[in-house]
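Quick notes on the structure that follows.
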Amino acid sequence: MEKTEGRRRFLKSISAIGAAGLPGTAAAAAPDAAPHAGHAAARTEKYMFFTPAEAAFVEAAVSRLIPADDLGPGAKEAGVAYFIDQQLFGGWGTMAKMYRQGPHPEGTPQQGYQSPLTPQEIFRVAIREINQHLGKPFEKLAAKEQDEVLKNLEEGKLALESVPSRFFFNLLLEGTIDGFFADPIYGGNRDKVGWKLVGFPGVAAVYTTLVDKHGVPYNAEPVSIADMLEGRVAADEHGHPKHVTITRKD
């Protein structure tokens, strides 16, 4: 698939989330996740959960799920692998606040998480078993071969011993989406590339003067939590950011 078409299909597939839902991620349930100080700091960040082999797998996988193209950086450049690592290292990864008693049948999508394994355990065993099945590390495959492996995982055609392949794929995909669109304070969405791509303004401003402007695009420079905490964006008397409007090039 041509890269631009792949990105556009991806964005279409998540359009039902809605702009208001983009920051709502697994990170919201894991406030102990390490904050991200910006793109310059990204090169010094260290994975807290992934081994080097696991990090290489995830970096390669997320770069195929949301590839870089003419529309901008992809998931790898946005730090999505680091975001997933931070979530796994925190309370979400150990299911610290989730019910863990059985039974654990394969449930429906509406039933949510159905596994005796924690997200940490699922990522660890799934990556190991996928690489063993392939006979070489996933990241060593050509891009077309990686896409085929991901497709087989999604369709449940790649049998894993410890976890259903579709279950692992869905966790990986959800983490990729979350990391690409979450507030950058959680480690992903570096330089707010996800927000810029879809025109999401970030931290909400006061919109009372715009309630009658139906169907008019609201284009503003995205504002992150760190922008507010570090005083990089002007705020009104109530502490809401003053968005700076921009002209988007579609």
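Before moving on, here are some points about what is shown:
- Simple spin-label estimate for ALA235 and GLN114 in nanometres, 7 Å along Cα-Cβ: 4.5
- Coupling constants for the stretch 146-161 follow from the phi torsions by the Karplus curve (6.51 cos²θ - 1.76 cosθ + 1.60, θ = phi - 60°), and in residue order they are 4, 4, 5, 4, 5, 5, 5, 5, 4, 8, x, 8, 9, 6, 10, 6 Hz; glycine and proline get x.
- Once the Cα-Cα distance is subtracted from the 0.36 nm per residue extended length, the VAL244 to LYS144 segment shows a gain of 31.9 nm.
- Kirkwood analysis of the Cα pair distances in the stretch 149-189 returns a hydrodynamic radius of 11.0 Å.
- Exposure of SER224 as accessible area (Å², to 10), given a probe of 1.4 Å and all protein chains: 10
- Whole-Hz couplings from phi, Karplus 6.51/-1.76/1.60, listed for the stretch 55-69; x for Gly and Pro: 4, 5, 4, 5, 4, 5, 5, 5, 6, 8, 5, 10, x, 5, 7
- A probe of 1.4 angstrom, applied to the heavy atoms of all protein chains, finds ILE225 with accessible area near 60 square angstrom.
- All lysines inside 30 Å of LYS249 as judged from Cα atoms, apart from same-chain residues fewer than 8 positions distant: LYS3, LYS12, LYS76, LYS192, LYS196, LYS213
- Among TYR113, TYR207, TYR82, TYR99, the order of accessible area from largest down is TYR99, TYR207, TYR113, TYR82, computed with a 1.4 Å probe on protein heavy atoms.
- Surface accessible to a 1.4 Å probe, per residue, for the residues of the stretch 111-180, Å²: 50
- Rounded accessible area of LYS196 (nearest 10 Å², 1.4 Å probe): 90
- Counted by Cβ distance under 14 Å from VAL244, the other residues give a net charge of +2, where Lys and Arg count +1 and Asp and Glu count -1.
- Heavy-atom accessible surface of the stretch 47-199: percent carbon and sulfur, 1.4 Å: 52
The values are calculated or read from the model by the stated rules, or taken from the named source; none is laboratory data. Every value quoted in this text rests on a predicted model; they were computed, and no experiment measured them. Backbone-built Cβ (ideal geometry, glycine too); neighbour counts: all protein chains shown. Heads up: the accessible areas ignore ligands, DNA and RNA and are worked out on the full protein's heavy atoms, side chains in. Shrake-Rupley method; radii C 1.70, N 1.55, O 1.52, S 1.80 Å.
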